[in-house]
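Worksheet: one structure, shown below.
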Amino acid sequence: MKSLWKTFKQGIIYENPLLMLMIGLCSALAVTSNVANGLGMGLAMTFVLLFSEIVISLFRKVIPNSVRIPIFIIIIAAFTTMVDLVMKAYFPDLSKSMGVFIPLIVVNCIIMGRVEAFASKQKVMPAIFDSLGMGLGYTWVMIAISAVRELLGNGSLAGIPLMPASYKPILFFILPPGGFLVFGLFISFNIWLKGKMDKTAKERA
Amino acid sequence: MKGSIRLGIALALFAVGACASLAVVYAITEERIAAQDQMALEASLQDLFPQGELFEDISASIASTNPGVTIQSAFLAKQGEASLGLAVKAAGPSYGGQAVLLVGVGLNRSIAGVRILELNDTAGLGANAKNPGYYVDKVNKVTFPGQFTGKFITDPFVVKSDVVAITASTITSTALTTIVKAAADSGALWLENSTLASPADVSSATSYSGSAASESAPETTGGN
């Protein structure tokens, strides 16, 4: 149980896919211009990651090593298409605003990376905790970045105007350069946080 | 040889499994997705023609007057037996990819309204076209698509002359204006060829057709 908890925790700060492993960045930068998109993308990713890791971990012994990549892609693509269809059916507005980035989850490095590096070598339970940790790590960063960008660049949060009417939105933050800037600040914050946590861990030991 | 057959079979089995599960999800969501699209379309049709009771699909019989703009579908709005006008769903290129507009054309050849269904232009710039709080005329609170309402299709439709552009977004403004113009022209042409002109309109409509033909030719080429 303790090691499962540790696996789960890894993805949130220490091995955060966006801030430490720095994979799957392009869609993360593209959709984080408002909070609804950030949250939707985070949940969609977590869902695909969770089920892909479960299935691949279950079948890891029967997947021939030399064709494992095509098989991973088939499994990931199937779950991504399911998410896409379900979103179109039940959350049409969200699906519209995320456009092409949902189908692009198929080629997202985070999923491919976790499946290859973790699920294909581990039992189902650790794989579930790994996918949840990575998914949560991805989702909190997406929400945090999109909150900063939406608040400064549009004066609202999740579509609700928060800034006084006299506030003139700083467009820069909605546009790609602002995305890079906020992203960079989050990376440095995470490295600072990790350093601090390492220190307390050492002091305790 | 034997090894590669085994690999092929493994791959095929996974593909079959994925297909089967996708088919199940598709079967469950298919109806709902179609219903959602239909609902969104009906809501915008109703929005353009609030008195419309029935919308007859005339997509098959309408053709685009501008090769750069495709007419995705078109509907004839009816209240009881009387026709109210046409709603033309047209798509064309804009700054950030395809833009889809719904353009209402009244029987008197004026624009009943323009709704933006899909636009992926830059947030804060071109995307202001679909921002209900962005006014090209701040005094009268007229939005960018709102300014087309009531315009006659014989008007020039030139950005920065009779169409007010969105600040710093000339490409979006021009692209959307071109789509509106093409959709309106196509709708007018359909009305010309149909027998639907309202009685009072018939004489003016026939005299109009001559001028429309001579006028729309240079403008379609100019628009591109």
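Exactly one residue out of A:VAL35, A:VAL62, A:VAL67 is on the phi < 0 side of the Ramachandran plot and either crowded, with 21+ Cβ neighbours inside 10 Å or touching a residue at least 60 places away in the same chain (Cβ under 8 Å) (or both): that is A:VAL35. Yes or no: the range A:195-202 includes at least one residue that is without any contact (Cβ under 8 Å) to a residue 24 or more places away in the chain, charged (D, E, K, R) and part of a loop (DSSP other than H, G, I, E, B). Within the range A:195-202 (the criterion being without any contact (Cβ under 8 Å) to a residue 24 or more places away in the chain, charged (D, E, K, R) and part of a loop (DSSP other than H, G, I, E, B)), the answer is no, since none of the residues qualifies.
Only residues that are more than 12 Å from B:SER21 (Cβ to Cβ), at the interface with chain B (Cβ under 7 Å from one of its Cβ atoms) and not aliphatic (A, V, I, L, M) were counted in the range A:61-86, giving 3.
Filtering the range A:53-78 to residues that are in a helix (DSSP H, G or I), modelled with pLDDT under 90 and aliphatic (A, V, I, L, M) leaves only A:VAL67.
Scan B:SER169, B:SER186, B:SER194, B:SER203 and give me the residue that is modelled with pLDDT of 80 or more and either aliphatic (A, V, I, L, M) or farther than 18 Å from B:LYS89 by Cα (or both). Of B:SER169, B:SER186, B:SER194, B:SER203, the one residue that is modelled with pLDDT of 80 or more and either aliphatic (A, V, I, L, M) or farther than 18 Å from B:LYS89 by Cα (or both) is B:SER169. Screening the range A:147-186 for residues that are more than 14 Å from every other protein chain (Cβ to nearest Cβ) and over 19 Å from A:LEU39 (Cα atoms) and picking the one that is surrounded by the most Cβ atoms within 10 Å (Cβ to Cβ) gives A:LEU181.
The values are calculated or read from the model by the stated rules, or taken from the named source; none is laboratory data. What you see is a predicted model, and the numbers here were worked out from it, not measured in a lab. Cβ sites come from the backbone with ideal geometry, for glycine too, and all protein chains shown count toward neighbours.
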